[in-house]
Structure formats: C-alpha cells, structure tokens
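The values are calculated or read from the model by the stated rules, or taken from the named source; none is laboratory data. Being a predicted model, the structure only gives us computed values, none of them experimental. Don't worry about glycine lacking a Cβ; one is built from the backbone with ideal geometry, like all the others, and counts go over all protein chains shown.
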Amino acid sequence: MTTAPVWQTHLASDLAFDPQYHQNPRAEIASFINEPPGVVLDIGCGGGATGKLIKEKFPGTRVIGVELNRNAADYARQHLDDVVYASIDEVDLVQHVGEVTIGTVLLLDVLEHLYDPWRALTRIRTWLAAGTRVLASVPNIRNLVNLQELAAGAWEYGPHGVLDVTHVRFFTRTTLRRMFEETGYAVTHMEPLTQPAWVDRYVIARRPGKLVTKSLSIAFRNREDLEDLYAFQYVIDARAATAMQDSGNAAPPLAGEVSPIV
Amino acid sequence: MSTVVAPASRNAPCPCGSGRRYKECHGAISGPQEATVVARRSTYRAPGREWAHLDEAQRDEIGVRMEQALAMQKAGRLDEAAREYRAVIAVAADTHDARHMLGIIELGRGNLDEAEHLISTAMALRPTYAAILHNWQLVRDACFARARAVPEQLAEAALPILVDLALGRPAARRSDDAEAVPAARAEPTSVHLIGRVHAGDHDDTWLLRRLAAILDPECTIWAADADGTDEFGARHHKRVDAETGAVPRGGTHVFVGVEFDCAAWIGRANADRVIVFCQSGAPTRYLDQLRAIASDGARPIDLVFASQAVAERFGGGHTVLPPPLDFERIAKLSSEIPPYDERLMEMSPVWPIGIVGQNQQSVSEPTDGDFIFNLASITGRLHVYDPGRLRYLLGGSASARFFARRDGALEPFLGGLACFVERTGKWWQDTIGRELYGAMAFGVPVLCPRRSTHAECIEHGVNGLLYESTVEARQLLSDLRQQPAMAVAIGRAGHNTMRALLDGESQNRNYREFLAGTPRPGAADAQRIKAA
C-alpha cells in the first residue's frame, strides 16, 4: 500500500476539518494563563478547543476566534463566543465584533504558516493597548531531531510537526525573539516545550557539554542551550510594547484599512 | 419474579442462591422458572463482535460493571476501577475499553509491562482508535525511558565501590586521615571556583554564586561559559577554556558541577587540592570525571554533599555541608510580607499546596501523575514551580497555577503557599533542596518523603511532616488544613531549623574553614543538622 505524498493530501486549497489537527486542546498553553485573561483573541483558533479549555478554566471568559479554515471556524462556533472566518491579513475585527478591549492574544502555531508574519504581528499590535499580553507558540527549527535529519540529508515535510508541509517560515529561539521585538512587543519569557523521550532516541552518546547523534556531534554551552536542542516548540510570552522600539527598520505602512480596537 | 442475570457459564451456581446449577434452576430450558428478560440497567455496550458470545442479560451485567468502573476511574478510585475492569476482562476478554482503561491505570502505577500488554491488545481489537494509539505511544515512551534508566539502577548499588575505586583508596578510612593532611593544606592558598554559569535560576550556578559571595574577595571564579558571566564583575572572573586556555597554578581548585575535561585542567594547573561539590543532585554524572581526576593520585580530593544520606551512599568520610541557602535574604524577604498565619487568613478559603514540577537534573516524565492529581483535588489549588511536563498534565485544570523557573520567581512562589510538598524520585536525582529549605525558611509547613535525602533535617510533627505513601500524604495534608494552629507551629519550627542550619555567619565560617583546609568529618555535621 502506498500513501499519497503529503503535498497532495495536505496542501489542498479547501482543507477538510481534521479533528486531530484543528481540534487539539493545548493544556500546556492554558498553563501559562494563571489569572483571568480578559477578552481572549485566539487567532488561528482551529476548532476552538483551546479557547474552550480556557473558558472552562476561567468561567465567564469571552473568547473571540479568527480562523481561515471555514470548516474549522464553523466547528469553533459551538465553543467560542465569536468566530470570524477570515485571514489575519484581511480580518476587520471592529466590523465583526464591535469595539472591545483585548486582554490576551493567542497565536498558537500560526506565525510559521504566514508568508509575512512580521506584517501580521505589526497589524495585530495596532489593535492592542500597551501592555496587552500575547502568547504565541512557534516551532523551533534547531530541534536536535531536525538537525540530525538535515545532517543526514533529509528535510522531509509531513502532515504535522516542526516540518508540517504548510509551514513557510522557520525560526530559532533568537530569531523568534527578534521578530517580536522588531514588531512592537516586549518579550517577557520564552519557554521551551520539550519532548525528551522523543529526542533521546536520536542521542547515541552524551559527554560533558556535548551530544552525539548518528551524523552529528553538537556542543552546548549550558542548560538553556541543551533545552534549546530538545525543544520542538517555544511559547513566547510577550506584552505589547509602550512604544515601537526604534529598530531602524520600522515596518512599512500597511496596505488596506487598519481598525484600532480601543 | 425477581430478576436473575445469567452467569458466564450455565454450569455455574445460580445467582438466586438456591445452591443448584444455573442450568438446573433459573436457567432450566423451558422450565417454569426460566429467566425472564431483564430490564436494561446499563447503556454501555461494546462495539463490533466483542460481546458476541454473551446474551443480553450478561451484556447488561457487564455494561453496569463498565459504567461503574469508568465512574470510579474518573473519581480517582483506581483500585476499585481496576478490579471491575479485571472482572469484565475475565468474562469478556475482548472488551477493548476495559483493556485500554485498565492499561492506563497500570501505566499510571508504573507497571509498564502490564500496561503495554493491555493497551497493545486493545489496539489490536480497535486499530483505528486514536485515543488508544495515543496512549500506546505514551506506554512506548515510558518503556523507552525505563530502558535507559536501567544502567542508573545498576549504578545505585555500585556507586560506593566506584567512588572508592575512583579515589584510589577505601573511602571508609577518610575520617581517620585527618592527621595525614598534606602540607599544602596547612597554609591557606588561593581558591579557584570553577563551574558553569547557566542562564536563569539553576542549582549549580546558584551554588557558584553563593560560594563566590561567601569567599569574596579570596577567590577567583572560572566560568566555562561564553555568556551570562558579567554579573560577578571583572575583578574576580575569568573565562575557562579547558583545552587551550590559561589555567591558574597551584592552590585549591573547587569544581561546582563538573562538565568538561577537568582532569587535564588539574594536571596542567598542578593543583594542590581538589574539591568537588556533588551537591546539586545526580552526582553519578561526576563519576567519570572523578575517576579521571583521581587517576594520578597526586593530590587529595574532597567530595562535598548536601546531606549525610547522599554522602553515606558514596561511602564514608565525605564532607557534608548544608547548602548555602541565603537565609538572611529569605528572612528579610519573608519579613516584608505578612507572617504565615496572616497569609493563611488572607488566602482563605484557598489553600495552595506548592510542588516543584521538573527535576532539573533529569528531564524526566512525571511518574506520579495520580498523586499530583490527588494533591490538586485535596484543596482545590496547586501551585507548580518549574512545571516542565506538568504543563501538559495540569494546564487546563482550574485548580493549578504555574510559576516558571527564573531568577526571583522562587520567593513569590513560596510566599503564596499554605504548604509545600517535596517529591522525590531516585535518591541521586534529589535536588539541592533549595525549594524545600526555602519553604521552611518562609515559615511554610513542609511535607517531605521519608526516603528523600532531605528527610534527615526534618523531625516528623515538629518542624515538618514526613510521609511514606501518597495516601499518607493526603491524610497529613487534610489534617494540616483542618488544624491551622498546627500548621503555624510546624512552619515556625521549620523556620527556626533553617535559621540555625543556615545562619549566615556560621555558614560563611564553615565554608571558609573547609576551603582553607580544616577537615570537616561528615558525621559531626549530621549531628548538628539533627540538633538544629
């Protein structure tokens, strides 16, 4: 039996709703929310499972979802207060949900799917009051499994994971932080999400400050560096900065209408 | 006629209690007492042909058992649920849900072989069910982790022997060697602290900082890291390049967490004396290094442990120094917030229990998930410091709050607790005890496992509580909650223990004396800990 290649099955323009892909409640993301989060804007909400979880954890929380997949958006309407079926580049929040003060923005596994995540972050920033919390999760391309595969000559796209075939941008811990800082956010914390057992399968020897895989020997400087090799994803905890940081290469004016939400 | 449900075999005794076989009593074919069709009591039915060999009455009976078992499992009554599942499997071996759910219970209990068998057979029955596949993956991950852990278990028994071999002499004779202190020890020499400066809040780095603060300005710090080292100031700080860089000549070389080829370093430095702080957990990591350091036999080596319990497992005569927790800083911080009894009133009715999620020394899966779930259910509030994988387990729970491990995050965590529960795995994975000792210093009552290496500074019911089983821990916690006066008294006694153990001046003196060469036999120190 042969399986159809992933580009045939997972790059179709009209994606079906896949419960395992779109309906995956992210308990570990909810763990970063320890206080009532205010109005939650869940961009790329999928089937709304994580929003539902947050509503259960903090009853009364209003969650607004934005989702590009119509089937997933329809499904999310069962769980969330408002769901806007639109892309992040086109969505006009005020038109859809009226003026509302956003307390927390979720960008879970979204930015890596965008051709221009910098512009998207800049656009989102205009909707937010200074200090508004942004929680994002983004895959870590420096994952040891990925490094080993690449060293062995493989860069194999799949239906999900770090090399999900629908990913178009790749980041490391450093470049991820820089993207947020350049687009108007202050990063307060970055936490690696690790799957030690999974990565351990690729490690054939450990020496002080060094990991050895089949094709690679990698030095790490400290615990943080080691965790970086084990992380398949980072959770970025950021706040909308008070003023755009003077990075010298401010984003160009946005095309189309921008609706600030007060 | 009362309802009688048919047993599995028609030859079994009749459930009506007549003493006759079922087939001769209520099950008699065409007899006047033929079993009536029973009213349906359960809605659960296994899919496909799993129950094809059973009649409707039997299915109803098993359906009731399954529903009860699922309810028990949900309520955390795992023993009872497991019994019910086994009963179901005995009658209908192909019930995939029973196998799957029992497998999950066994997985939680750490019975991996049993769990693997149950879940794999459930998967064979229902190969397309995603939930079974997911849990099968969990079992495989756990089996894989166990396969890796085996050498560690072997190491446990072999450790003292290995250390003796590494040090090239019977460790038990160490304490008698005080007379034969080499000349280099007699006069104070320069002290070099060598370690890694990790970003963030890390046990090794924390110890290095504390030692530097105690010894300043008598020591030089050699940090094996490119970043994060400026905080010590340029005067005392140098960058280590173990292979090619400059090394200091002579003097006392103190290693805090050995993670590079220090044998070459020591050889080139011609060190007078070598001290290795094995305090920060997982001292097995050091064995290769210790063996390498000791291979030339040219200089004395001191191993320092944070507790008598660990020191003894490494053989006799090693040095025990309590971790240099900055008690004064904590005492100052805790005086800035209301005392524990007032904090307790402010928290009320919430009664947060604190735990540390991730053991820094081994990035390991939590194997005590049931216990942690139970903790969360006792008082409805669990605070988790450095949660690690517990984010997945508890993230969606309304009762859990999470505190990422970073500089300055420990104190707010400790200040918000009604009680702190220490967890422990393998003794060599016990951490330096900073969170436990910190909680005691904050006047927060603590629960500590009896087998933890930190239990030696706790007297049960006086300055803390010791528990054997998780059931006992639950009981102690509800007692503590119902008796705030006891909680306050235990917290206060714990605070006093830490004040005595970690008194800043005597702590500094102990460390200075030790580093200057005055031998400190471990046993006496243990007495001191007990007395405190």
Self-check item: Test: B:H117 is buried (at least 20 other Cβ atoms within 10 Å of the Cβ) and not β-branched (V, I, T)
Solution: no
Quiz item: Just wondering, is there one or more residues in the stretch A:107-115 that are surrounded by 21 or more Cβ atoms within 10 Å (Cβ to Cβ), aromatic (F, W, Y) and over 13 Å from A:I43 (Cβ atoms)?
Solution: no
Quiz item: Is it the case that some residue within the stretch B:407-424 is of a type in the set (A, V, I, L, M), crowded, with 20+ Cβ neighbours inside 10 Å, under 23 Å from A:E35 (Cα atoms) and touching an Asp or Glu at 6+ places or on another chain (Cβ under 7 Å)?
Solution: yes
Practice problem: Would you check which residues across the stretch A:130-163 are part of a strand (DSSP E or B) and surrounded by fewer than 18 Cβ atoms within 10 Å (Cβ to Cβ) and list them? | Solution: A:G158
Exercise. Would you check if there is a residue in the stretch A:56-70 being surrounded by fewer than 20 Cβ atoms within 10 Å (Cβ to Cβ), in contact with a strand residue (DSSP E or B) (Cβ under 9 Å, 6 or more places away or on another chain) and not in a loop (DSSP other than H, G, I, E, B)?
Key: yes
Quiz item: Yes or no: A:V110 under 11 Å from the mean Cα position of the chain (by Cα) and within 24 Å of A:F32 (Cα to Cα)?
Solution: yes
Practice problem: Output the qualifying pairs, or none if there are none: Cβ atoms under 9 angstrom, residues six or more apart or on different chains, first residue in the stretch B:463-482 and of a type in the set (S, T, N, Q), second residue in a strand (DSSP E or B). | Solution: B:N463/B:V446; B:Q475/B:Y467
Quiz prompt | Of all residues in the stretch A:183-219 being among the hydroxyl-bearing types (S, T, Y), buried (at least 18 other Cβ atoms within 10 Å of the Cβ) and assigned to a loop (DSSP other than H, G, I, E, B), the one that is farthest from the other protein chains (Cβ to nearest Cβ) | solution = A:T183
Exercise. Collect the residues in the stretch B:404-417 that are within 8 Å of another protein chain (Cβ to nearest Cβ) and either over 16 Å from B:W206 (Cα atoms) or of a type in the set (V, I, T) (or both), keeping them in residue-number order.
Key: B:A404
Exercise. Identify all residues within the stretch B:367-398 that are in contact with a Lys or Arg (Cβ under 8 Å, 6 or more places away or on another chain) and within 12 Å of chain A (Cβ to nearest Cβ); write none if there are none.
Key: B:R381, B:L382, B:H383, B:V384, B:D386, B:G395, B:G396, B:S397, B:A398
Quiz item: Which of the residues belonging to the stretch A:28-39 are away from every other protein chain (no Cβ under 14 Å) and either among the hydrophobic types (A, V, I, L, M, F, W, C) or crowded, with 23+ Cβ neighbours inside 10 Å (or both)?
Solution: A:V39
Quiz item: Restricted to the stretch A:40-66, and to residues that are basic (K, R) and within 13 Å of chain B (Cβ to nearest Cβ), which residue is nearest to A:T101 (Cα to Cα)?
Solution: A:K55
Exercise. Please work out if A:T126 is of a type in the set (S, T, Y), farther than 27 Å from A:P5 by Cα and modelled with pLDDT under 95.
Key: yes
Quiz prompt | helices (runs of 4 or more DSSP H) completely within the stretch B:199-312 that count 3 or more residues being closer than 28 Å to B:H454 by Cβ and modelled with pLDDT under 80 | solution = B:203-215, B:287-294
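Give the residues of the stretch B:329-349 that are in contact (Cβ under 8 Å) with a residue 12 or more places away in the chain, in a helix (DSSP H, G or I) and not small (G, A, S), sorted by residue number.
Across the stretch B:329-349, the qualifying residues are B:I330, B:L333, B:Y340, B:D341, B:R343, B:L344, B:M347.
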Quiz item: Out of the residues in the stretch A:15-62 that are touching a helix residue (DSSP H, G or I) at 6+ places or on another chain (Cβ under 8 Å) and polar (S, T, N, Q), which is modelled with the lowest pLDDT?
Solution: A:Q20
Quiz item: Within the bounds of the stretch A:175-182, is there any residue that is within 14 Å of another protein chain (Cβ to nearest Cβ) and in contact with a helix residue (DSSP H, G or I) (Cβ under 6 Å, 6 or more places away or on another chain)?
Solution: no
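Anything in the stretch B:313-328 that is among the hydrophobic types (A, V, I, L, M, F, W, C) and not in a helix (DSSP H, G or I)? List them, or say none.
Of all residues in the stretch B:313-328, those among the hydrophobic types (A, V, I, L, M, F, W, C) come to B:314, B:320-321, B:325, B:327.
Hits for the stretch B:313-328 are B:F314, B:V320, B:L321, B:L325.
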